[in-house]
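Derivation of every value follows stated rules applied to the coordinates shown; laboratory data play no part. The structure presented is a predicted model; accordingly, all values stated were derived computationally and were not measured. Cβ coordinates were reconstructed from backbone atoms using ideal geometry, including for glycine residues, and neighbour counts include every protein chain displayed.
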Amino acid sequence: MTQTLSHALTNDTNWQTLANWQSPDTPFMQFEFWRALADTKAIGQDAGWLPLYVLAIDDTSNKILAVMPVFVKGHHQGEYVFDYAWAEAFHRYGVDYYPRLVTSVPYTPVTGQRIWLAEGVSLTNTIWQTLLAGVDDLAKQINASSWHGLFMPDDTAKIATASVTADTEPKTQPKTMQRQGCQFIWHNQNLTNDGKPFAGFDDFLATLTARKRKNIRQERKKIPKQNLTCRIKTGENITDDDWQAFYHCYAMTYAVRGQNPYLSPDFFTQVGKTMPNHLMLAQGLELIDGHEEIVASSLFFYDDPSTSDATLYGRYWGSINEYDSLHFELCYYQGIEFAIAQGLQHFDPGTQGEHKLIRGFVPHKTHSLHRIYDERFEPAISDFCEQDRERMQAYREEAHSVLPFNVDNMPVFDE
């Protein structure tokens, strides 16, 4: 019997109680993370991230199979996939680009699932098309210019691309276009030792060329020379004082650019209480008048180490003063050491930054999906997306060519 599905739209989260849900592939799709965003008003009408949810429902059993978040937005803040040029093109022709629809984890440029699935359910083309129909209906209701699915995982991107290639998307609807980006990921895998995880930081350094090993060692030696030390705290060992010091550092990152932070102190204290097993805080301390004072902090999230493809995610950093190489130490080297100690397979340090390459972070492609609801603009934007994919392919190839690994440990290029 052919399964038939329908979609529904809701603005509350009561659906969370109507099914047993699979564990998401990153901490950022856990309900606790989203609850903290909502409770501290990081999402909502005032934040310019108005959340709605598209439900895919089995018509026979009336059970919810999948849910995808969609935000109604009037700006581009906190997205990290930029479509400013598209907005300008709409404006030049006197057409509104806002509101627009966005499916993402707010303020979080991390690839991962964007669809909550009920237990026993796999993402299929039928479910995808049902969710997409819900997005299109919402776009019609509010006259949205477009929909943007950001940092989508490979499986979703493949289903969306296959749908377009096979012409299974309704002819009356716009096609789903794909862009690609690049982020730099560290791999806990010693290719010269049968691909086994690294035994320690020196084991990782041994896979680099002699010059790069020397540069990193010299960089790390600068920390104690400035009367600085580093320490790691995890979960419930992170105190209220630690959160206060962290937020002061975090806010400084925005203050130097004349901006306010996206997230509030209450957000961090809430995830500290509700998601302690996914948090690691790296602190930089300076010896001042015989006392160690926290002068820099870097906050990480991480997957359960027992899960497949477990990853460490570098998310928020800040420092109250300028220190030579302290950013590299707290955001990269402390993260690498933690990933090795915990047996995590990957370390995603955050978006952008070619400086990550020389420290052993490998370029990987990211995916974003886009639908344009004004057919006058779709051909030009489709051409842009195709050309942009070619540019990103060339960029990733060039980035891969300057990786610091010795010949025996050079990873395969991510096609």
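Using 27 Å as the Cα-Cα cut-off, could you pick out the over-long pairs in K233/K356; K175/K356; K225/K356; K214/K356? Where the Cα-Cα span goes over 27 Å, the pairs concerned are K175/K356. Here the ratio of the Cα radius of gyration of segment 316-415 to 2.2 N^0.38 Å is 1.42.
Straight-distance candidates among the aspartates and glutamates for linking to K140, with alpha-carbon spacing under 19 Å and chain neighbours fewer than 8 residues away dropped: D96, E169, D374, E375, E378. Inverting the pair-averaged 1/r between distinct Cα atoms of the chain gives 23.0 Å as its Kirkwood hydrodynamic radius. Ranked for footprinting exposure by Cβ neighbours inside 10 Å, fewest first, V110, V412 give V412, V110.
Positive contributions from Lys and Arg (+1) and negative ones from Asp and Glu (-1), summed over other residues with Cβ under 14 Å from the Cβ of M280, come out at -3. Database remark: amide H of T366 closer than 5 angstrom to the amide H of G181, C182, Q183 (H placed geometrically; neighbours at sequence offset of 5 or more, or on other chains; Pro and chain starts carry no H).
The GluC sites (Glu not before Pro) of segment 259-327 that DSSP puts in a loop, and whose beta carbon has at most 13 other beta carbons within 10 Å, are E322. Over the chain, what relative contact order in percent results from Cα pairs under 8 Å that are six or more residues apart? Relative contact order for the chain comes out at 20 percent. Taking every full run of DSSP H in the chain, the ones that stretch at least 24 Å from end to end by Cα along their long axis and average 0.0 or higher on the Kyte-Doolittle scale are 125-142. Considering only the chain, what is the antiparallel percent among its DSSP beta bridges, to the nearest 5? Taking every DSSP beta bridge with both residues in the chain, the antiparallel ones total about 90 percent. About its Cα centre, the chain has a charge dipole of approximately 640 debye under the convention of +1 per Lys or Arg Cβ and -1 per Asp or Glu Cβ, with nothing else charged. Note on segment 186-362: Kirkwood hydrodynamic radius from all Cα pairs is 16.9 Å, rounded to one decimal. Among the trypsin sites (Lys or Arg not before Pro) found in segment 316-415, those both in a DSSP coil and sparsely packed, with 11 or fewer other Cβ atoms within 10 Å of their Cβ, are R376. Here, segment 7-117 is characterised by an Rg to Rh ratio of 1.01, where Rg is the alpha-carbon radius of gyration and Rh the Kirkwood radius. Extension gain for T229-D241 works out to 2.5 nm (0.36 nm per residue, less the C-alpha to C-alpha distance).
Calculated mean residue ellipticity at 222 nm for the chain: -9500 deg cm²/dmol, from DSSP H runs with n ≥ 4 weighted as -39500 (n - 2.57), summed, divided by the residue count and rounded to 500.
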